[in-house]
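Since the structure comes first, as C-alpha cells, the remarks are kept for the end.
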Amino acid sequence: MKAPALTAAILALALPSFALEGDVRIHDPSTIVQCNGKYYTYGTGGSCLVSDDGWTWRRGTTPPRRGMAPDIIHVNDRYFMYVARNVGAQPRADINLIWSKSLDTNSPDYKWEEAGVVASSDGIEDCNAIDPGLLLDPKDGRLWMVYGSYFGYIRLVELDPKAGGRKDPNDPPVNLAINCEASILIAHDGWYYLLATHGSCCRGADSGYNIRMGRSKIITGPFLDHEGIDMMQGGGKLFAGSGGRVVGPGHFGRINLGDGVEKFSCHYEADLDRGGASVLDIRPLLWKDSWPVAGENLREGTYQIESVRTGTVLELAVEGVPVGGRRERRGGGPGAGGPGFGGPGGGAGPGAGGPPGGGGFFGGTGGVIPSQDVAQVSTNWPTVNSDLRMANYLCQAQQKWSITAVTNADGYLGSPYFKITIAGTDRPLAATADGELVALPAFTGAPEQLWRIDQLTDGTWRIMPKSAASSKEPLALSAVGSSFATLSKFDPRSDKQRWWIKTP
Amino acid sequence: MEKQPTRSNETGVTERDCAESQSQHDGKPSPLRLVFDTAALRKIILSALLVLAYLTMQPIANAAEGLASAPTLTRPTSASKSPSADGFIQRWLILEPIRANSLTDRAVQALVKKEYFPNQFTVVPKDGDKVAFDSAELIWHAVDTKEYNVNLYHFARALGKPTSNVLLWGVTIVNCPEEISGVRLAIGSNAASVWWVNGQEVIGIYGDRQTVIDDGVSKRLTLKKGPNIVRCAVINGGGATDFCARFLDANDKPLKGFTVSAGEVAK
C-alpha cells in the first residue's frame, strides 16, 4: 500500500518548496561531496559553492583547473575531479583529471595535482567529450565514468580507482545513449541507472532541460526506459522537469546519506525568484518500483502527522471535541447505541437513526460542517506544558500541525529547520531532556523546538529534533505504541520512525 | 457498522441470543405450533427450547462454578510466575466489577480518581480480600491467564457479574532482581484504562477501543530492585473487555528478567 501513498505524497508536494539559502548561483554543478564536515560542489568556469550545513551556501575557492561541468568523487583518500574543456571547435574536447586529498583550503592536504587526460573526442567522431559523471560501483569497487553531449553518444569508460586515470586506455569506450548530456550512472538494488539531461540548456527561462533515465542490469547497457525504449534510440523516462517557479533541471548528482535518506542535486537553468539565474537545488531522492523519483523538500503548511507503523496521528493529549459538535441519535444517551455503551437491546433500531438520505442521525446536518476553530475548542486545553499522544485522526484541532520554516536557525542538506506547532497556536512540539516529547506553551526558537524533516526513499518522512539534550546520537520521532510517541534512535529497518505528512 | 454490545462468548451465544430465547420461553404459543401441530414438529420445538433453556442458564451455572468456568483463566498454583515468551504479565489480582458508564478522557479520569475502597492506590490485596462499595461486597481474585491478555469478560461472566458499563481494578507485583532503568510499561485494553507503576500514573488511554498490543506506552521509567506494584483500572462500555500488559526494555524489546506474584492465594 505504499505506492499510492507515495504518489499522493509526491502529488501533494508537486511544487518546489524552498530555494537554498545564500549564494547558490552555479551552472552544471558537480555531485556534492563532503570534506571535513562541509559540503562542496563545483561548476562550469571554476565556480565553487561551499556550505557548513547544506542549507546556506557561499562562494568557495576556484580549483586550479577551470573548465566545463566537472564531476567529483571521493575514493579512498583522494578527491578525483574530472573537468572538461574544448580543445577546438565542438565536438573536439577532452576531460582532465585533477586530485587533492582535501577540499578544505585550511587543510594542509589541500593541494590539487594534475593527472592528465582520461577521455577525449577528436571533433570528428560521434561524441563530445565533456560532462563527465562518476560511479564507484558499490558492488565491486570498480570506478566508471560516462561522458558526452549533443554530438552523438554518451560513452562509458572504466577508471583506475587508485589513481583515477583510465584503467586501460586501449579499451574502447562503450556507447550507452545518444543525443543527451550531463549524464551520470547510479546503482541501486541490482540495477544501474543512467540519468542524462535532454532538452536545451543555457537559454534561461526558455531552456528545455529535463532529466531522463534508463536502467540496465549490466553497466554496459542497454539502458531501457519504462517503455522499453533504449536510450541509444532516444529513450528516457522523465526523472525531473520544470515546475513551479524553476525551469530546466539538469546535471543530476546523487547524495546517499544512509539510513534510507537519499538526496539529489541539480541546477535549474532559471529560478524565476532569483532573476532567472542558474541555481543549485537539493531535493529528496525517492524510489518507487525500482525507479528513482524526484521528491520535494517539505513545504510550509498545515498537516496531520501519521505514523506508518500504527496509522494513528500525533496529537496534543487533550480531550477532543467532535467536529461539528456532539450529536446523539434519538433516544440517545448511554444504552442507545453509542459505540461501546449500548446495553443489550440498544442500538440501531427503528427511529434510532433513520436511513441515510432520509434525515435522522445518518442524514447529517443538511449543511457543510466547518473545520474546527482551534480558538473555540482549546479553551480547556492546559496552558502549561502538555503531553503528546497518538490517536485515530478525526479532523480535530489538536491533531493538526503547522510546519513552518525557521529563519536564521541553520539547516541541513537541502532544507531549513522547521517549527511544528498546533495549527492556529504557538504551541510547539519539543524534545525533552530525557528524550520524550512535550508541547510547550510558546515557541522560543530553542534547538529542542527545531525539527529536521527528511523524506525517506519510500516517500515517508523522518522527523528529528535539532537537539535532544540527553542523547549524544540523533533521535527521531518514534511511534513506540499506537497511542504514544517518543524519541529514539532511527532504525531504517523499522516503521516506527516513518511518518506520513498529509494535508488534512 | 458500530460495535454492538452483544459479543459471542466461547459458546457462540450472545447476550442478545439469551434475551431472545427468554422472550420465546414466556409461555405464549408459537405461531408455528398453531399452524404445524404435528408430533415431529413438537419434538423439534421441544428440543430447541431445551437447548435454548440450557444456554440461557449458562451464566448462572458459570457463576456457581466461579472462575473455574472462565476458559482462559486459572487460579495461580505457584508463588511466582515468569512473564510469557513475549513478556506479557499473566498473573493479576482482579477486583469484581464496579458499575461505570463513561469512556471520555475527563470522565475516565474522574472515575478512577473516585474513592471506591480505602487505600485504593496503595493497597496490595490478597486473593479473597473483600471491599465494600455502594452496598455491595466485591472480592479480589488472583488469576493466571493462559493467553497474552487477561480476558475480563471471561472473568466477570464466570462470576455472574456484569460485563458492560463496568470498571475493573487490577493489581500485580513485578519482582525485579535488580534495578532496571529506561523501561516502558506497554499495555492494550478494551476499553479505556489508566495505569500506575509504584503509585505513579504512567498511562491513560481513553475512548472505546480494542485491545492492541503496546497501544498505550509509558514514558521511560525505572523498575526498582524487588517488588514493583503495577495497578490498572479498565473501564468497559459494551461487549468484550480485556487487557494485556508487558514492559519494554530500552530497545523496545519485551522485558523478561523478572517474576510476577499476586500474594498468597486462598485455598
Worksheet item: Quick check: anything in region B:235-244 of a type in the set (A, V, I, L, M, F, W, C) and closer than 17 Å to B:Asp105 by Cβ?
Response: yes
Fill in: Residue among B:Lys224, B:Lys161, B:Lys146 that alone is away from every other protein chain (no Cβ under 13 Å), surrounded by fewer than 24 Cβ atoms within 10 Å (Cβ to Cβ), farther than 25 Å from B:Ser80 by Cα and touching a residue at least 40 places away in the same chain (Cβ under 8 Å)
B:Lys161
Discussion item. Conditions first: (1) in contact (Cβ under 8 Å) with a residue 40 or more places away in the chain; (2) over 20 Å from the mean Cα position of the chain (by Cα). A:Cys48 passes all but one, so which condition is the exception?
Written reply: (1)
Worksheet, complete the sentence: When every residue in region A:163-195 that is among the charged types (D, E, K, R) and part of a strand (DSSP E or B) is compared, the one farthest from A:Ser120 (Cα to Cα) is A:Glu181
Fill in: Qualifying residues in region B:227-253 (those that are among the small types (Gly, Ala, Ser) and within 23 Å of the chain's Cα centre (by Cα)) - the one farthest from the other protein chains (Cβ to nearest Cβ)
B:Ala233
Response to the item:
Those residues of region A:24-78 which are farther than 23 Å from A:Cys201 by Cβ, of a type outside the set (A, V, I, L, M), in contact with a Lys or Arg (Cβ under 7 Å, 6 or more places away or on another chain) and not in a loop (DSSP other than H, G, I, E, B) amount to A:Ser51, A:Arg78
Discussion item. Please go through region B:167-199 and give me each residue that is of a type outside the set (Phe, Trp, Tyr), within 14 Å of chain A (Cβ to nearest Cβ) and under 18 Å from B:Val108 (Cα atoms), ordered by number.
Written reply: B:Leu167, B:Ile187, B:Gly188, B:Ser189, B:Asn190, B:Ala191, B:Ala192, B:Ser193, B:Val194
Worksheet item: Of the residues B:Ile203, B:Ile213, which is within 10 Å of chain A (Cβ to nearest Cβ) and in a strand (DSSP E or B)?
Response: B:Ile203
Worksheet item: Which one is farthest from A:Ala468 (Cα to Cα), of the residues in region A:423-450 that are in contact with an Asp or Glu (Cβ under 9 Å, 6 or more places away or on another chain) and of a type in the set (Val, Ile, Thr)?
Response: A:Val438
Practice prompt. Return yes or no: is A:Arg66 out of contact with any His (no Cβ under 8 Å at 6 or more places or on another chain) and modelled with pLDDT under 95?
Written response: yes
Worksheet item: For B:Gly128, all conditions in the list (1) part of a loop (DSSP other than H, G, I, E, B); (2) within 23 Å of B:Val260 (Cβ to Cβ); (3) free of Cβ contacts under 8 Å to residues at least 60 places away in the same chain hold save one; what is the number of the exception?
Response: (3)
Discussion item. Testing A:Ile403 on (1) away from every other protein chain (no Cβ under 14 Å); (2) not in a strand (DSSP E or B), one condition comes back false. Which one is that?
Written reply: (2)
Worksheet, complete the sentence: If we keep only residues of region A:214-234 that are in contact (Cβ under 8 Å) with a residue 24 or more places away in the chain and of a type in the set (Gly, Ala, Ser), then the residue surrounded by the fewest Cβ atoms within 10 Å (Cβ to Cβ) is A:Gly234
Worksheet item: From A:Thr457, A:Thr444, which residue is crowded, with 18+ Cβ neighbours inside 10 Å, hydroxyl-bearing (Ser, Thr, Tyr) and part of a loop (DSSP other than H, G, I, E, B)?
Response: A:Thr457
Discussion item. Can you say whether B:Thr241 is over 26 Å from A:Ala431 (Cα atoms) and touching a residue at least 24 places away in the same chain (Cβ under 8 Å), as far as the supplied structure shows?
Written reply: yes
Item to complete: Among the numbered conditions (1) in contact with a helix residue (DSSP H, G or I) (Cβ under 8 Å, 6 or more places away or on another chain); (2) without any contact (Cβ under 8 Å) to a residue 40 or more places away in the chain, tell me where A:Asn408 comes up short.
Response: (1)
Worksheet item: Pick from region A:160-180 the residues that are without any contact (Cβ under 8 Å) to a residue 60 or more places away in the chain and buried (at least 21 other Cβ atoms within 10 Å of the Cβ): which of them is farthest from A:Ala294 (Cα to Cα)?
Response: A:Pro173
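The values are calculated or read from the model by the stated rules, or taken from the named source; none is laboratory data. In this text, all values refer to a predicted model and were calculated from it rather than measured experimentally. Cβ atoms come from the backbone with ideal geometry, glycine included; neighbour counts cover every protein chain shown.
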